[in-house]
């Protein structure tokens, strides 16, 4: 009986997190300020006027690493049109994150995430997790798990085409 109740508790928590994540769509993105890996200030609110690709990832996540070269390309290609890619590593060890940052030659800011930041975004229960945030700071798309990058790019280009 205890395991049944425990299982029901986990299922309910998962359902709440899924609902919270979906309920962010078409609402203001939760604001946060973090130090990025280079020691700079990463403040989501300061990016109003830009389209933000907010990507939660981890060093142990193979699909996350497969996305990174494309995000580097998009930052280079679409940055002049107003794109800002932001990476949030859900790892515990910043040294591992710095190593992967250098190996992948990331050209966008990366900050360390934690449970509190994850909860703001509905709970980070699976990686990668990517949000597209429009120029007004509203969440317009959410992609969880391995996603067709062409689908993300199509949505990204649509947001970039709007003033």
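The values are calculated or read from the model by the stated rules, or taken from the named source; none is laboratory data. As the structure is a computational prediction, the values presented were derived from the model and not from experiment. Here Cβ is always computed from backbone atoms with ideal geometry, including for glycine, and neighbour counts include all displayed protein chains.
If you go through the stretch 73-97 and pick out every residue that is outside any loop (DSSP other than H, G, I, E, B), over 18 Å from residue 159 (Cα atoms) and over 13 Å from the mean Cα position of the chain (by Cα), you end up with 4. Selection of the stretch 38-49 for residues being surrounded by fewer than 19 Cβ atoms within 10 Å (Cβ to Cβ), outside any helix (DSSP H, G or I) and either on the phi < 0 side of the Ramachandran plot or free of Cβ contacts under 8 Å to residues at least 60 places away in the same chain (or both) yields 38, 39, 40, 41, 43, 48. A single member of 25, 53, 132, 106 is touching a strand residue (DSSP E or B) at 6+ places or on another chain (Cβ under 8 Å), within 19 Å of residue 158 (Cα to Cα) and either in a loop (DSSP other than H, G, I, E, B) or at pLDDT below 95 (or both), and it is 25.
A single member of 85, 124, 97, 139 is crowded, with 18+ Cβ neighbours inside 10 Å, under 20 Å from residue 24 (Cβ atoms) and out of contact with any helix residue (DSSP H, G or I) (no Cβ under 6 Å at 6 or more places or on another chain), and it is 139. Take the conditions touching a residue at least 60 places away in the same chain (Cβ under 8 Å) and either farther than 16 Å from residue 110 by Cβ or touching a strand residue (DSSP E or B) at 6+ places or on another chain (Cβ under 9 Å) (or both) and apply them to residue 80. Does it pass? No: the conditions fail for residue 80. Within the stretch 108-120, residues that are farther than 17 Å from residue 41 by Cβ have Cβ atoms under 8 Å from residues that are in a strand (DSSP E or B) and modelled with pLDDT of 95 or more in these pairs: 118/56, counting only partners at least 6 apart in sequence or on another chain.
Checked against the criteria, residue 129 does not count as surrounded by fewer than 19 Cβ atoms within 10 Å (Cβ to Cβ) and either within 24 Å of residue 27 (Cα to Cα) or within 15 Å of the chain's Cα centre (by Cα) (or both).
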